[in-house]
Amino acid sequence: MPTMEYLNRSYCPLNTAQNVIRVQLPVTSTKRQGKNELYRPIFRSEVLRKIVKKYFTTSGKLLGGFVGADIDVHWETIARLGELAYRCNLCRRCAQTCPLGLDNSILTKEIRKIFSQELGIAPLPLHTKGTVLQLKTGSSTGVSKPAFLDTIEFLEEDIEEKYGLKIKFPMDKKGADILLLHNAGEYMAWPENPIAFAILFEEAGLNWTLSSEIAGYDNVNYGIWYDDFQAKSLATLQMKVAKELGVNRIVIAECGHAHKASAVVGDRMLYGDAKVPVESCLPLLWDMIKRRRLLLDPSKNNFPVTLHDPCNYVRGMGIVEPQRNVLKAICPQFREMTPHGVDNYCCGGGGGFAITNSLNFSEWRNKVSSRMKFNQILGAFQDTMENIAIPKYVCAPCSNCKGAIRDILEFYEATSKFNVQYGGLVELMVNALVSMKNPFMEFLKE
């Protein structure tokens with residue numbers, strides 16, 4: 001097995017944890033795997049099965065290797081199992097492909113939970129810098145309520161200055177139909193995304209609001225990657241905000257993991273009166289076009305556009321067509337990746353990979369887990385790749401996916417060499433609005 005370096009080992013319980021196992025991942029490629037068992041999707045599940053068989057069954061205790069319990073359990077075995085659980089990005093594509101439908105993502109998540117909930121071991125970016133920070137400040141970014149309100153004020157000024165639109169974000173509006181929950185990272189890294197949502201919702205005349213309360217302005221829930229207790233803590237807080245505002249429904253903006261956390265995982269953790277209906281933004285966006293609530297000019301988006309399918313929307317929730325219907329309606333040169341839909345590949349940043357940049361995780365992501373996605377992107381634009389004057393847009397309606405795609409485009413210099421751009425879905429919709437006199441996309445401006 002590859003050489004790995006273990007640093008900063010800690011056994012602190014997670015509610016006081018400062019640390020995690022830090023592992024130096026070997027950077028490799030599919031061509032250099034050498035058929036090593038380490039790279040089999042079921043390998044980590046097999047290690048867990050052998051441990052359970054050996055220590056928790058009578059046959060395993062008595063007969064050992066004769067019944068498949070041939071494993072020596074010591075610190076290195078346990079540490080490698082923990083590291084392997086974070087080598088998987090939980091995309092569930094192996095379950096999609098497996099003729100028996102075996103879902104190794106679920107087993108991998110269970111291994112992560114055992115390490116977190118029983119051993120007190122979890123990655124710093126997910127726990128201390130993620131969940132703990134969000135529970136303390138209201139956001140995994142560390143942005144507090146006053147800072148968030150300042151950001152909203154800045155976005156309002158930016159909308160007026162750039163587009164001549166006087167839009168006031170409706171904050172903490174009681175009894176609104178929709179509570180819109182964004183990934184707080186959008187406000188910092190991609191502010192054009194929440195701006196686009198505001199423009200579209202106002203143009204369509206929707207009754208909506210944002211929340212400034214703790215956990216109400218950040219739909220992130222890193223607990224879904226490693227710890228059910230942490231996941232429920234955040235889901236409960238977010239639902240409490242919606243209940244107190246008296247909204248009819250929560251709409252999750254462009255964040256795949258937030259969809260899973262709120263609409264799938266949260267739905268199983270919260271019951272009865274504690275729940276407010278949770279919906280994806282994607283069917284709503286298509287409904288706005290289908291019902292002609294927006295006046296659109298598709299010719300404004302007359303450049304090559306392809307669609308990345310976030311795992312949590314498509315494989316996880318079955319939301320496949322609404323985003324495609326939108327793109328077909330507003331992008332004359334829309335083309336699919338190969339493969340696409342439920343068979344599409346993960347961005348490479350799923351399961352916490354996109355935000356884990358310690359040691360050589362980012363290099364591992366760019367050279368291994370995101371390589372297939374980059375190949376898909378190049379394939380989708382192969383007919384225009386030689387012409388750098390033509391912008392090529394990767395529509396990635398997920399904050400986590402945008403982070404991974406941003407990194408892979410920078411790593412391979414795809415933007416500078418081929419003019420490959422990336423962004424969300426709502427940005428394309430706003431760019432196509434007849435009411436927008438200037439291009440909404442920065443790269444389209446002269």
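Using only alpha-carbon positions in segment 295-444, the gyration tensor eigenvalues give semi-axes of 25, 18, 14 Å once each is multiplied by 5 and square-rooted (largest first).
Entry note, the chain: the mean residue ellipticity at 222 nm calculated from DSSP H runs of n ≥ 4, each adding -39500 (n - 2.57), is -11500 deg cm²/dmol after division by the residues and rounding to the nearest 500. Karplus-derived 3J(HN,Hα) values for segment 265-270, using 6.51 cos²θ - 1.76 cosθ + 1.60 with θ = phi - 60°, are 5, x, 5, 8, 9, 10 Hz; glycine and proline are entered as x.
What is the order of T306, T356, fewest Cβ neighbours within 10 Å to most?
On the way: T306 24, T356 19.
Ascending number of Cβ neighbours within 10 Å: T356, T306.
Centroid-to-centroid, using Cα positions, segment 388-446 and segment 315-356 are 15 Å apart. Arranged from fewest to most other beta-carbon atoms within 10 Å of their beta carbon, I405, I214, I42 become I42, I214, I405.
Legend: ranking of residues K162, K173, K373, K445 from fewest to most surrounding C-beta atoms inside 10 Å; resulting order K445, K162, K173, K373. Taking 14 Å as the cut-off, the amide N atoms of segment 261-299 that come nearer than this to a point 7 Å along the Cα-to-beta-carbon line of V434 belong to 292-299. Of G349, G272, G223, the residue with the greatest mean-square motion in the GNM of the chain, using alpha carbon springs below 10 Å, is G272. For the chain, modelled as a Gaussian network with Cα springs under 10 Å, which listed residue fluctuates most, K402, K54, K240? Of K402, K54, K240, the Gaussian network model singles out K54 as fluctuating most. Amide H neighbours of N219 under 5 Å, counting only residues 5+ apart in sequence or on other chains, H built in-plane at 1.01 Å? Placed amide hydrogens put H182, N183, A184 under 5 Å from N219. Given their separation in residues at 0.36 nm each and the Cα-Cα distance between them, D287 and L359 gain 21.5 nm when the chain is fully extended.
Segment 140-159 and segment 224-266 have Cα centres lying 21 Å from one another. Please compute the net charge surrounding M288, taking Lys and Arg as +1 and Asp and Glu as -1 over other residues with Cβ under 14 Å from its Cβ. Result for the local shell: -1.
Once the other residues with Cβ under 12 Å from the Cβ of T97 are scored (Lys, Arg +1; Asp, Glu -1), what is the net sum?
Around T97, the surrounding residues sum to +1.
With Rg/Rh (Cα atoms, Kirkwood Rh) in mind, check [x] 0.98; [y] 0.93; [z] 1.17 and report the label derived from this structure. Recomputing Rg/Rh (Cα atoms, Kirkwood Rh) here gives the entry labelled [x].
What GluC sites (Glu not before Pro) does segment 338-432 have in DSSP loop regions with at most 16 other beta carbons within 10 Å? Sparse-neighbourhood loop GluC sites (Glu not before Pro): E386, E413. Expressed as a fraction of 2.2 N^0.38 Å, the rule-of-thumb size for a compact globular protein of N residues, what is the C-alpha radius of gyration of segment 129-286? With N residues counted in segment 129-286, Rg over 2.2 N^0.38 Å equals 0.98. For the residues P322, P277, P99, a GNM of the chain with alpha-carbon springs under 10 Å puts the largest fluctuation on P99.
Taking the Cα centre as origin and putting +1 on Lys and Arg beta-carbons and -1 on Asp and Glu beta-carbons, what dipole magnitude results for segment 141-200, to the nearest 20 debye?
Dipole of segment 141-200, to the nearest 20 debye: 240 debye.
Note on the chain: with charges restricted to the Cβ of Lys and Arg (+1) and Asp and Glu (-1), its dipole about the Cα centre is near 1380 debye. A straight chain from R268 to K445 at 0.36 nm per residue would run longer than the Cα-Cα distance by 59.1 nm. Across q = 0.12, 0.15 Å⁻¹, segment 82-140 modelled as identical point scatterers on its alpha-carbon atoms has Debye log10 I(q)/I(0) values of -0.38, -0.55, in the order of the q list. Taking all Cα pairs closer than 8 Å and separated by 6 or more residues, the relative contact order of segment 260-352 comes to 31 percent. At q = 0.11, 0.15, 0.24, 0.25 Å⁻¹ the log10 of I(q)/I(0) for segment 188-281 amounts to -0.31, -0.58, -1.36, -1.44, computed by Debye summation with a single uniform scatterer per C-alpha, solvent ignored.
All of the numbers you see were taken from the coordinates with simple rules; none came from a lab. Remember, predicted model here, so these are calculated numbers, not experimental data. In this analysis, Cβ positions are derived from the backbone assuming ideal geometry, glycine residues included, and neighbour counts consider all displayed protein chains.
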